[in-house]
Every structure is written in C-alpha cells, then in structure tokens.
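See below for the structure under consideration.
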Amino acid sequence: MVELIQFILYLYVFVVGIVIGSFLNVIIYRVPQGISFTKGRSFCPHCQAPIKGYHNIPVFSYFWLRGKCADCGKPIAIRYPLVELFTGLIAILIFAVYGFSFQWLVVFSAGTILICITMIDFDTMIIPNGLVIALMAPALLSFFLFPEVGILSRVIGIFVISLPMLILTLFIPEAFGGGDIKLIAVAGFMLGWGNALLAAFIGLLLGGAVAVYLLVQKTKDKHMAFGPYLCIGIMTALLFGDIIIQWYFNLFGL
Ligand SMILES: [Zn+2]
C-alpha cells in the first residue's frame, strides 16, 4: 500500500513535470524571437496551424502523431518531447531528494529556468537577461530555505567564479559570454562558494571535453555555447553538491 502511494506520488510529480516541460518548450521557442509566451495558442512552425488541445498532450502526443504535425505532416523535432521528458525526470529527481516541500518548489523552479537557458544558449549562443533575472527569485528564496549555506558563503559565491571569468574575458575577448558570467554570479549566491566552485568545475570539464571533440572534428564554427555545461554543473551541485564534496574529501581521508 505504501509502495502504491509512493508510486502515485512520483507519477503525479512526473506528470506535473512534463506539463511544465511543455510550457518550457514554448518559452524556449518564443523568447529568442521576442514573441509573448503567455498569449496565443501553440502552432506548428511549418504550416502555422494552431495545435489542437488533444494533440498537445506532453510526450504522448508526439508518439500518438508519430512525430508528425497533424495538419501538414511535416516532422516535429524530437527535442520537444525530450525537453518534456527531461523536465519530468528532473521533477522526480528533486522530489526524491526533498519530497513535497518549499525546497522542492524552489530547486525545481531553478531547474526549469536552467533548462530554458540551456536550450536557448544552445540554439542562439545567447543567454537572455530575463532568464538570469528570473533565476534571482529561487536564488533569493534559497537564502531562507537553506540556512545551512551562510550569507558570507553566498556573497563569496557571487564572485568566486564570475570574477576570474570576467578578468579572463578582459584578456581573451569572447572567452566567455556576458551571460555566462551573470549566470554563475546568480547561481553562486544560490549555491554558496564551495558548490559554486564544484558547478564551474563540472561545467569546465564537460565544456572542455566537447571543445576538444569539436577541435578533433575540425568543425569550422569555432564558437560554442558554454551555458549548457554550466547549467548541468549548477544543477548537479544544487542536488548532489554536498554529497560529491564529502565523497571527494573522503577520498583523501579528510
Ligand atoms: Zn504543420
């Protein structure tokens, strides 16, 4: 019985996650084009036909319609159901750590903003200021909900990565985008300095690996977005930072 209730709870959180993921797709598509994301129905990017309500069920509609627009038959990008699915999984993962709580709400809202930043930076190489400002809300709320991260640690967190990045950008223009620097400054306040370092370390490791891969592939485009890797680092540090740092120190018997 307890297992069944647990299962229903997780299923509920997952459904909430994919529905919100569906809304994130709208934000990711519309914000870079400057279209309002609160007004107007979703429409097919090919034929502009509005998407009917019963064709707009997250994840399932994609498979029901076999990945094609119901009106013009042109393929729907697989990333739409993937973003929905991923948002659902993130919702469950955070629920597994925090249960039903304000902590869940705050960490999940940070997660949704990070998903939008990841996809938009990937698409356009730009992190919209509006999303970094939006991230300030969960960052400020985390100050009250996670009192174990002290104010000094948070203030140092703002600068510990952003300042070196800023200085590096003065010497090597375009080393990092302004959006990356603002993002890690806000995330640093949310994480505290230890987890901010961890987030940047994970981001640099992943971003560095992809950069090396792109060099080996000799792709013509020298630019790559760093934001997505930074976002993965921030999310990992938010959820598992303390466990990872503890594990790391244990390795050296500290
Ligand atoms: Zn269409």
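The values are calculated or read from the model by the stated rules, or taken from the named source; none is laboratory data. Everything numeric in this text was worked out from a predicted model, so none of it was measured. Here the Cβ positions follow ideal geometry from the backbone for every residue, glycine too, while neighbour counts run over all protein chains shown.
Being over 17 Å from the mean Cα position of the chain (by Cα), hydrophobic (A, V, I, L, M, F, W, C) and in a helix (DSSP H, G or I): is that true of Leu11 here?
yes
Does segment 236-252 include one or more residues that are in contact (Cβ under 8 Å) with a residue 60 or more places away in the chain, crowded, with 17+ Cβ neighbours inside 10 Å and not assigned by TED's automatic domain parsing to the domain that holds Leu93?
Yes: one or more hits.
Can you tell me how many residues within segment 71-83 are surrounded by 16 or more Cβ atoms within 10 Å (Cβ to Cβ) and outside any helix (DSSP H, G or I)?
Filtering segment 71-83 for residues surrounded by 16 or more Cβ atoms within 10 Å (Cβ to Cβ) gives 71, 76, 80-81, 83.
Still in the running and outside any helix (DSSP H, G or I): 71, 76.
Qualifying residue count, segment 71-83: 2.
In segment 72-109, how many are modelled with pLDDT of 90 or more, farther than 14 Å from Ile20 by Cβ and either in contact with a strand residue (DSSP E or B) (Cβ under 8 Å, 6 or more places away or on another chain) or charged (D, E, K, R) (or both)?
3
Report every pair of residues separated by at least 6 positions or lying on different chains whose Cβ atoms are under 7 Å apart, first residue within segment 116-143 and more than 20 Å from Gly207 (Cβ to Cβ), second in a helix (DSSP H, G or I) and charged (D, E, K, R).
From residues that are more than 20 Å from Gly207 (Cβ to Cβ), the pairs are Phe143/Arg154.
Note down all Cβ pairs under 6 Å where the first residue falls in segment 46-75 and is in the same structural domain as Val26 (by TED's automatic domain parsing), the second is in a loop (DSSP other than H, G, I, E, B) and acidic (Asp, Glu), and they're at least six residues apart or on different chains.
If the second residue must be in a loop (DSSP other than H, G, I, E, B) and acidic (Asp, Glu), the pairs left are Cys47/Asp71; Ala49/Asp71.
Need a quick list: helices (runs of 4 or more DSSP H) entirely within segment 119-175 having at least 1 residues that are of a type in the set (A, V, I, L, M, F, W, C) and within 15 Å of the chain's Cα centre (by Cα).
Values: elements: 129-145, 151-160, 162-171.
Of the helices (runs of 4 or more DSSP H) lying wholly inside segment 119-175, those with at least 1 residues that are of a type in the set (A, V, I, L, M, F, W, C) and within 15 Å of the chain's Cα centre (by Cα) span 129-145.
Which one of Phe100, Phe86, Phe63 is in a loop (DSSP other than H, G, I, E, B) and either among the hydroxyl-bearing types (Ser, Thr, Tyr) or closer than 25 Å to Ile8 by Cα (or both)? Steps first, answer last, please.
Working: Phe86 fails: in a loop (DSSP other than H, G, I, E, B); Phe63 fails: in a loop (DSSP other than H, G, I, E, B).
After applying the criteria, what remains is Phe100.
So which residues in segment 218-254 are modelled with pLDDT of 85 or more and assigned to a loop (DSSP other than H, G, I, E, B)? Steps first, please.
Initially, segment 218-254 is screened for residues modelled with pLDDT of 85 or more, giving 224-251.
Scanning segment 218-254 gives Met224, Ala225, Phe226.
Name the residues in segment 54-77 that are within 10 Å of the ligand (Cβ to nearest atom) and of a type in the set (D, E, K, R), would you?
Applying the first criterion (within 10 Å of the ligand (Cβ to nearest atom)) to segment 54-77 yields 68-76.
Lys68, Asp71, Lys74 - these are the residues of segment 54-77 that are within 10 Å of the ligand (Cβ to nearest atom) and of a type in the set (D, E, K, R).
What's the number of the condition Gly53 fails, among (1) modelled with pLDDT of 90 or more; (2) surrounded by fewer than 20 Cβ atoms within 10 Å (Cβ to Cβ)?
(1) is the only condition that Gly53 fails.
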